[in-house]
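Below: one structure, written as structure tokens.
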Amino acid sequence: FKGDDTCEYLLSSGRFLGDKVWQPHSCMMHKYKNSEAKNCLIDKHIVFLGDSRIRQLFYSFIKIINPQVKEEGNKHGNIPFEDKSASVKVDFLWYPEVNGSMRQRIKSWTEGSVAKPHIIVAGAATWSIKIHNGSNEALTQYKINISSIAPLLEKLAKSSDVYWVLQDPVYEDMLSESRKMITNEKIDAYNEAAVRILNSSSRNSKAKVKVFSVSKLIAQETIIKSSDGLHLPESSRDTNAMILMNVYCNKIMKPIDGSCCQPQPPLTMIQKLAFCFFTLSIVGYLIISLIHRNNYRKNKSCTDLEIGEEKKPAVNTPNVSTLEMLLYSFCKLGLIMTYFYLCDRANLYMKENKFYTHSSFFIPIVYILVLGVFYTENTKETKVLNREQTDEWKGWMQLVILIYHISGASTFLPVYMHIRVLVAAYLFQTGYGHFSYFWIKGDFGIYRVCQVLFRLNFLVVVLCVVMDRPYQFYYFVPLVTVWFMIIYATLAIWPQVVQKKANGNCLWHFGLLLKLICLLACIYFLSYSQGAFEKIFSFWPLSKCFELNGNVYEWWFRWKLDRYVVFHGMLFAFIYLALQKRQMISEGKGDPLFSNRVSNVLLFISIVSFLTYSIWASSCKNKTECNELHPSVSVVQILAFVLIRNIPGYVRSVYSSFFAWFGKISLELFICQYHIWLAADTKGILVLIPGYPMFNVIVSTFIFVCVAHEISQITNDLAQIVVPKDNSTLLKRLLCVAGFFSGLLLFSAMRNQSRH
């Protein structure tokens, strides 16, 4: 740990991921678009001062602002650039040698008669080596000249950002005869002199000229691709320009995936209150635990000498144990949330960018599938989509999604389309599971609703407070929460149609189908009426839950992407339960679901459908077009999988306990990955052990899975305490929850007002 400033790492160290992706040591680099660059550099004046290599860097830099710029003009002269829309001025000043002319130009900026540039990027040496034929006298003169310039640069650095670019190595075999004297040995000598003089001049000064040495590392890997042995290939120059943009703009723009040079965000009032709450919980638990143990010692069972019987301690155990369990849960949660904060908000642990390769995705997939098959056991029941099977389904899907996220496989469209089906399958299970419960049990009580809402949202609400993130940021939880409420409302409103009522009169089945048709019509209308959808979710305080970056577009996009699959899950559950009630399917151990002939036909159709969808998804060329078709066709592969998994009796009778274990904590795994497995809100990878990528993944994964399992247990324990079965007590608790959220809204409004 070397403090908060990661700029030093960005400017001096890193490595290549693949051919063109540069990974700075310890932090993440954002790829700036031209609109972002303009917003950052508005009303700024930037100067590039030096030789032909600095000119190349200048062109790469202005191409970030305006990609249409062409490299033309006098190569050995000054080149101006201006973007009037953002009032950005970028100038290249031709000073190929560190000499009196360069000194005079820099001095003019320090005297106040000329406006100082906001950013100065300077560097030169190869011309001095070439003109003086690599003589030692030229090196001595270079040292004298840079020594005279260094104090002026330090003076400028007090009000401007000043960068001195070290000389890149050359590819000596490719140099022309007129440049043969420019050797890497000479370049190293000039660089060493520049670093020593610049560092010594800034030793006693708060201002500091930043040495841009990372270009050397980049050139060592890529100079072999140079066209003349001296100048860097375009991709390397673009990387250097992007590093410069990150050094200056990250602290202004604060991009999520640009952790380099970003200061640690200040604690909000809500975060401070959360810290106090968890601290008090830890202290309270320790005090109660000590009192509890002390009472236990005093009231320990002992023998009465007069009657020879044991005395029982008269302690009100239930009350103490409930309070102790509550504080113990918050105590553990507080320690876990501290780890979350340190991982993804404090600049304590390193973060790195993702880089996709086919092997980084498919090898772990094969590995976990082998493990899953190895841990095969018999199910307790052999019904379609029984509990063990759905846990298994959630488990392997969650593991695949985790590998997809950490490997950065979203850049590979066929994988992206298949992962979209897995997300849809989760929502399919939401529709199937909740419909089945309400249809069979007929329990529409407030206790059931509160239990489900608490288990779904508890962790996310805590993270919104601790990590200072909006609710919609954890998009999947709002999605399943809203769909649960839609399922509940559809079945609970008059007339309530449940299995018990429908068994008495078949007409009730048509009543339920009519409800489902109305639901489908509403979904269809909202999916094609963005305005109506946004109006519904833009009402305060509902908008606070669904806004991201000031609007609800992201929420509309996420909802629209899987808009029909919950309905498909509900419809499947209705048809399956109707067939089961009429004994039209066989669910005995080892028995096929239907007659042999029907089972074989359905199995064949399912396999063909499954493979057809995969072929279509793998041939996708345009993400937008495929996303438009996805809501309507994703159910094909989901239903095909369900039938393949359940038609053969022997397949339905076994499950993977390995996958089922992960399935029980799938929601916690999905949410926790945002901050303690991935980093920078899923944009990067958390690095606990730098330099050893595989070992780092093993260690961070172990901690991540343990934390997710622990949070699952904490949520279950708190659900029993916070959501009581007694309705009057539950209503009081709901008033407290309403008060809590009102407080959050108040603090949020105060924070927004202070910002404005």
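Data table
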quantity: Neighbourhood net charge (12 Å Cβ-Cβ; Lys/Arg +1, Asp/Glu -1) for PHE454; calculated: +2
quantity: Lysines whose Cα lies under 23 Å from that of LYS725, excluding same-chain neighbours fewer than 8 positions away; calculated: LYS441
quantity: Calculated on alpha-carbon atoms, Rg and Dmax of the range 44-237 in Å; calculated: 16.4, 49
quantity: Helix 358-374 axis, angle to the chain major axis (alpha carbon atoms, nearest 10°); calculated: 30 degrees
quantity: Members of LYS89/LYS180; LYS44/LYS251; LYS75/LYS116; LYS544/LYS664 lying beyond 27 Å, as alpha-carbon distances in this model show; calculated: LYS89/LYS180; LYS544/LYS664
quantity: Helix 136-156 axis, angle to the chain major axis (alpha carbon atoms, nearest 10°); calculated: 60 degrees
quantity: Length gained when the stretch ARG15-LYS31 is fully extended (0.36 nm per residue, less Cα-Cα span); calculated: 4.1 nm
quantity: In degrees, nearest ten, helix 269-298 long axis to first principal axis of the chain (Cα); calculated: 50 degrees
quantity: Dipole moment magnitude, nearest 20 debye, the range 353-465 about Cα centre, only Lys, Arg, Asp, Glu C-beta charged; calculated: 240 debye
quantity: Distance violations [Cα-Cα > 30 Å] among LYS621/LYS683; LYS63/LYS683; LYS186/LYS351; LYS354/LYS623; calculated: LYS186/LYS351
quantity: Selection from PRO263, ILE218, HIS231 lying farthest towards where the dipole of the range 190-284 points positive, charges on Cβ; calculated: PRO263
quantity: Accessible area in the full protein assembly, largest first, 1.4 Å probe, for CYS40, CYS522; calculated: CYS522, CYS40
quantity: Under-5 Å amide H pairs with PHE16, H placed in peptide plane, nonlocal only; calculated: GLN23
quantity: Extension gain, THR701 back to SER321 (0.36 nm per residue minus Cα-Cα distance, nm); calculated: 133.5 nm
quantity: Proximal charge balance of ASP726 [Cβ under 13 Å; K/R count +1, D/E count -1]; calculated: +3
quantity: Protection proxy ranking of 439-447, 378-386 - average other beta-carbon atoms within 10 Å, highest first; calculated: 378-386, 439-447
quantity: Paramagnetic label zone (point 7 Å from Cα along Cα-to-C-beta, TYR171; backbone N under 18 Å) in the range 233-277; calculated: 233-240
quantity: Computed E for ILE144/ILE42 - FRET, C-beta separation, R0 35 angstrom, nearest 0.05; calculated: 0.30
quantity: Linear extension gain, ILE224 paired with VAL633, 0.36 nm per residue minus alpha-carbon span; calculated: 142.3 nm
quantity: Positive-pole candidate from SER657, THR390, VAL705, dipole of the range 349-723, charges at beta carbon; calculated: THR390
quantity: Computed helical MRE - 222 nm, the chain, DSSP H runs ≥ 4 contributing -39500 (n - 2.57), nearest 500; calculated: -20500 deg cm²/dmol
quantity: Note, ³J(HN,Hα) from phi for the range 438-455, Karplus 6.51, -1.76, 1.60, rounded to Hz, x at Gly and Pro; calculated: 5, 5, 7, 7, x, 9, 10, x, 5, 4, 4, 4, 5, 4, 5, 4, 5, 5
quantity: Volume in Å³ per residue [convex hull over Cα atoms, computed for the chain]; calculated: 236 Å³
quantity: Rg over Rh, two decimals, the range 363-505 (C-alpha only, Kirkwood Rh); calculated: 1.02
quantity: Spatially proximal aspartates and glutamates relative to LYS380 (Cα-Cα < 20 Å; intrachain offsets below 8 disregarded); calculated: GLU388, ASP391, GLU392, GLU587, ASP591
quantity: The range 349-723 - charge dipole about Cα centre, Lys and Arg +1 at Cβ, Asp and Glu -1, debye rounded to 20; calculated: 800 debye
quantity: Amide hydrogen neighbours beyond the local backbone of LEU678, cut-off 5 Å, H modeled; calculated: LEU686
quantity: ³J(HN,Hα), Karplus 6.51/-1.76/1.60, whole Hz, each residue of the range 246-263, x for Gly, Pro; calculated: 5, 4, 8, 8, 4, 6, 8, 7, 6, x, 4, 9, x, 7, 5, 6, 9, x
quantity: Förster radius 51 Å - calculated FRET efficiency between LEU734 and ASN622 (Cβ-Cβ, nearest 0.05); calculated: 0.60
quantity: Of ILE243, HIS30, PRO495, farthest towards positive along the dipole that unit charges on Lys, Arg, Asp, Glu beta carbons give the chain; calculated: PRO495
quantity: Rounded FRET efficiency, nearest 0.05, which uses the C-beta distance separating ALA719 from LYS298 and R0 of 35 Å; calculated: 0.55
quantity: Student exercise, the chain dipole from Lys, Arg, Asp, Glu Cβ charges, in Debye to nearest 20; calculated: 1320 debye
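The values are calculated or read from the model by the stated rules, or taken from the named source; none is laboratory data. Being a predicted model, the structure only gives us computed values, none of them experimental. For neighbour counting, all protein chains shown are included, and Cβ atoms are generated from backbone atoms with ideal geometry for every residue, glycine included. All accessible areas refer to the heavy atoms of the entire protein, side chains included, with ligands and DNA or RNA removed. Shrake-Rupley method; radii C 1.70, N 1.55, O 1.52, S 1.80 Å.
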